[in-house]
Structures are given as structure tokens and as C-alpha cells.
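All remarks here apply to the structure that follows.
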Amino acid sequence: MPGSKPDKSQGKYRRYFAYGLIVLNLLSLALAVFRIADARILIGDEHFYHRELMKMIDVGIYEALAEGTSTMLEVPAYFLYKLGFPTVLSLKLVSFICLPLFLLGIYLFLRTVFNARSEIILLGILTAFQFLLGTKTFILFINDGLMATFLLYSIYYLSKTKPEGGVFYYVIAGILFGLSFGVRLIALFYLTGILVYFSMQLMRKKPGILRGGSFFLLSLFVTTSVIQWPALARHHTLEFEKKLPIKRVVDGFTCNWTQLQYLSQLKVEEGKLGNYNHVDFAELEQYLIDNGINSLPRTLWEQIIWNPWRTLREFIHDLLIDSGYIMIRTTGFLIFLALLLWWNILFKKENYPEFDGVLLLSLVGFVLMLTISFIIITYIESRWYTLSIGFVIILGSYFLEWNFRRQSPWGPRLIRAQLIYILLSTGLYLRPVLSWLQHR
């Protein structure tokens, strides 16, 4: 019953269960580290980033940045290489170091922004841990993990701002966001949610938000300008990674990812390609030769208006089906708790003392999901949602904390259910790792 005292023995058993999960996750981490040390295996986009690092080693940092690379991923790997590390291991280390930093960010949010108790923090970190290991976002040397880590701390410092605190946190947040923009252009999608947050806080007349937001944008601009200076000096424009395996030109136009994704969707609809697959660039090149350069959309805007019904249909499917599955698969019961949190805010008019943090994380995470679902015509990859998933874990954990504050009997039950989910999920993620060990 509400108001009844919690069962201390049940709390003890929950802690023992959580400690067992920590051991299991540490085993997963040890296997992941072993996987990282194996420099013989490259998977997917790892081939591209390794080529980028080799280019930087051959021509130097300035020349490589002038022509566009994943700046903040390649530069630290370059210096590790100069210290004597092999090229592949250098890249793996940069990505892997972000794993504990991301988990630390989850801890800082729950401890200092949402004032959660230790048991809730442990639950949130365990949920994030099994997700991050399972999706390999921080295990493979791709740039999604590094971008998400910079963004997580940028949003963290924004959530720490107070009217009497000046602009220091806003400046730090802007610098970190600029670093994330130096990793991937897609970081701009997160800026939309931040700007919406600033606008809503202006309408609520939150003190200091206009001045703080201005310093955030200014520090972002300065950081981006410094990182992009080689490209600006040479081309007078920003340069980012060009993730094409081979430059393929048809009728003077370079084939791009927009065309490849759209052709992939057409092939799926025709039954000539399985779901969650892409055609390769050789097939795209041949299609354009056979059907003409104007047979596929060449820009993101053209893709959106090419077939409005297809765009709307895929948007609804990506947002409700693909995104919904990803959230449930990676966060367990916490996604439902995050939704219940907003149900209480919108319909029950409940007041939460940490509402500003709830609003910021919700806007940034949800606007990103809306944007990705709208512009991706094929399918959603969970690594694109790394930060949004982290925010759902934080918000769901906060709602659980709120139940404990009210001494609701549902709090302990939900913790037990989430711990069981983590156990099952970690076991599923361990299977392919153990299989890799058997066949290496």
C-alpha cells in the first residue's frame, strides 16, 4: 500500500541480484576487451575509418582535415599511432574509452540532476551497460559512440545551468557540442531539440536563458570554426567524412548515400532485396546507367518530396515500429516508465521538481527520433539512437525514483522486473561473443 515501509529483506535480495549482474556484465566487458585486442577483424564501417586514419598518417593532420574526415575520431587515434600503437588498436581504443565515460555520464545525470538513490542509479547503469555492449556502439571503432559521449556531456552541462550560475556551463556545453559536430554532421539533428528547449524556456520566462543560450551558440560556433579551419581556409566551406567505398560518377554526378538508400527501399518493395539490407554502390551505378541520373532522388529534400506517400508511410513505420522495437529491446520496462512520467505531467498535471531536466532530455531525444524517422527511407539502426536510448534510461529511472519517494509498492516490483530483463538481455548479447571466441 502507498505509504507502507519497504521490505528491507527484499531490498537486500535485489542488491545481491544486481551484484550478480555486475559480475556478468564485467565478464561481457572482459570479452569485449579481448575482442578489441584482436586487430585481425574489421567489421562494416571499421574498414572506412581505418582508411581515413591511414590517409591522415600519409598526408598529415592538416591536409586530411582540409579534405574532410571524422575529425575527433581520427585525430586522437593518429596520436596514439605516433605513440607506437598499431593503427587498428589506436582506433579501437578511442572508441572503447568512451564506454566508461558514457556510463559515468548516466551516473552524473541520475545522481546530480535527478537526485536518484544508489539502487536506482545502479539499475540505470546496468541497463545502459548491457545495451552498449550488445549494440557494439563502443566496441567497434565507429564514430557514433564518440559523438554520443560528447553530446551526453553537452546536454548534462545544459541541465546543470541555473539563473544565478552565470554562463560557464553554457560555454562548456557549447564547446562539447562543437566537438560532437566535429565527429559527425548528424550532431546537428540534436541541436534542433536544444533550440526548441531554449524557445520553450523563453516562453516560460526562465531567467538567464537568452543570455546563456547565446553563449552556448557562440562557443559552439567558435569550436566548430577551429576544428574546421583547414577546410574553411582551403575550400571556404565545412568538410565532413565522405563515406563512399569508391568514387563512382555517372553523367558527371557522384553517386551518394541518398540514392543508395532510396534504391534499396525500391528493391525491398519489389521483393528483390530482404528487409534491413542495402544494395551496393556497383548496383547503384549500374541502375543509374540503365535508367538515367534522374531516376533516383539526389538530395535529402528530393528524397522527401519524390514520393510523399512513401515518405509518410516509412516515417510512421520507422517511428512506431522500428523505433518502438529498438526502445523496448534496449531499455526494457524503462521506456514505459518514461512514457508514464509524461502521462502524469500532461494529463494528471503532476509537478516534478526536476522538470527542467525532464523537458530537456525528452525534447532532445524525441526530436532526434522524429528527424531520423523522417529522413531515413530504409530502416533505423539502434546505434543512431544511442543518446536517445540513454535519455530514456535516465527518465525511466527517474520515474522509478519518484515512486520510491512516494513509497509506492510498484517501485520494488519494477526494479525486480527490470533486473530480470537485464539478465535475459545480457545472456542474449553474450551468445554471439562466445560464438566468436569458439571460431576465432
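The values are calculated or read from the model by the stated rules, or taken from the named source; none is laboratory data. In this text the structure is predicted, and so the values were computed from the model without any measurement. Neighbour counts are summed over all protein chains in view; Cβ atoms, including those assigned to glycine, are modelled from backbone coordinates with ideal geometry.
May I ask you to verify whether E285 is closer than 23 Å to C255 by Cα, part of a helix (DSSP H, G or I) and touching a strand residue (DSSP E or B) at 6+ places or on another chain (Cβ under 7 Å)? Spell out the reasoning first.
Numbers: closer than 23 Å to C255 by Cα: yes; part of a helix (DSSP H, G or I): yes; touching a strand residue (DSSP E or B) at 6+ places or on another chain (Cβ under 7 Å): yes.
For E285, the condition - closer than 23 Å to C255 by Cα, part of a helix (DSSP H, G or I) and touching a strand residue (DSSP E or B) at 6+ places or on another chain (Cβ under 7 Å) - is met.
Inspect all residues belonging to segment 99-122 and state whether any of them is aromatic (F, W, Y), crowded, with 20+ Cβ neighbours inside 10 Å, at pLDDT 90 or above and under 30 Å from M56 (Cβ atoms). I'd like the intermediate steps shown before the answer.
Here is the first cut: in segment 99-122, the ones aromatic (F, W, Y) are 102, 107, 109, 114.
Next, only the ones that are crowded, with 20+ Cβ neighbours inside 10 Å stay: 102, 109, 114.
Now drop any that are not at pLDDT 90 or above, which leaves 102, 109, 114.
Next, from what is left, pick out any that are under 30 Å from M56 (Cβ atoms): 102.
Checked segment 99-122: at least one residue is aromatic (F, W, Y), crowded, with 20+ Cβ neighbours inside 10 Å, at pLDDT 90 or above and under 30 Å from M56 (Cβ atoms).
Need at least 1 residues that are touching a residue at least 24 places away in the same chain (Cβ under 8 Å) and closer than 22 Å to A338 by Cβ per element, so show me which helices (runs of 4 or more DSSP H) inside segment 49-151 make the cut, counting only ones lying wholly within it.
Numbers: elements: 61-67, 71-82, 87-108, 118-135.
Ranges flagged: 87-108, 118-135.
How about segment 267-281: which of its residues are touching a Lys or Arg at 6+ places or on another chain (Cβ under 8 Å) and not β-branched (V, I, T)?
Passing the criteria: L273, F281.
What is the residue count in segment 114-164 for residues that are charged (D, E, K, R) and closer than 20 Å to I22 by Cβ?
2
Does I142 qualify as being of a type outside the set (G, A, S), buried (at least 23 other Cβ atoms within 10 Å of the Cβ) and closer than 25 Å to L89 by Cα?
In short, yes.
So is T161 crowded, with 20+ Cβ neighbours inside 10 Å, more than 30 Å from T87 (Cβ to Cβ) and of a type in the set (S, T, Y) or not?
Criteria met by T161.
Conditions: (1) touching a residue at least 12 places away in the same chain (Cβ under 8 Å); (2) farther than 19 Å from T112 by Cβ; (3) touching a Gly at 6+ places or on another chain (Cβ under 9 Å). L202 meets all but one. Number of the miss?
Status for L202: all satisfied but (1).
If you go through segment 301-313 one residue at a time, do you hit one that is out of contact with any helix residue (DSSP H, G or I) (no Cβ under 8 Å at 6 or more places or on another chain), modelled with pLDDT of 90 or more and in a loop (DSSP other than H, G, I, E, B)?
yes
Is it the case that segment 399-419 has a residue that's within 14 Å of the chain's Cα centre (by Cα) and modelled with pLDDT of 90 or more? Before you say what the answer is, go through the steps one by one.
Initially, segment 399-419 is screened for residues within 14 Å of the chain's Cα centre (by Cα), giving none.
The answer is no, given that none of the residues of segment 399-419 is within 14 Å of the chain's Cα centre (by Cα) and modelled with pLDDT of 90 or more.
For the condition within 14 Å of L395 (Cβ to Cβ), in a helix (DSSP H, G or I) and acidic (D, E), what is the one hit in D322, D356?
Step by step, each of D322, D356 is checked, and only D356 is within 14 Å of L395 (Cβ to Cβ), in a helix (DSSP H, G or I) and acidic (D, E).
To keep it simple, each residue is scored yes or no on (1) among the charged types (D, E, K, R); (2) surrounded by fewer than 16 Cβ atoms within 10 Å (Cβ to Cβ); (3) within 21 Å of the chain's Cα centre (by Cα).
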| position | (1), (2), (3) |
| --- | --- |
| A282 | no, yes, no |
| L288 | no, no, no |
| G292 | no, yes, no |
| S295 | no, yes, no |
| R298 | yes, no, no |
| D318 | yes, no, yes |
| M327 | no, no, yes |
| L337 | no, no, yes |
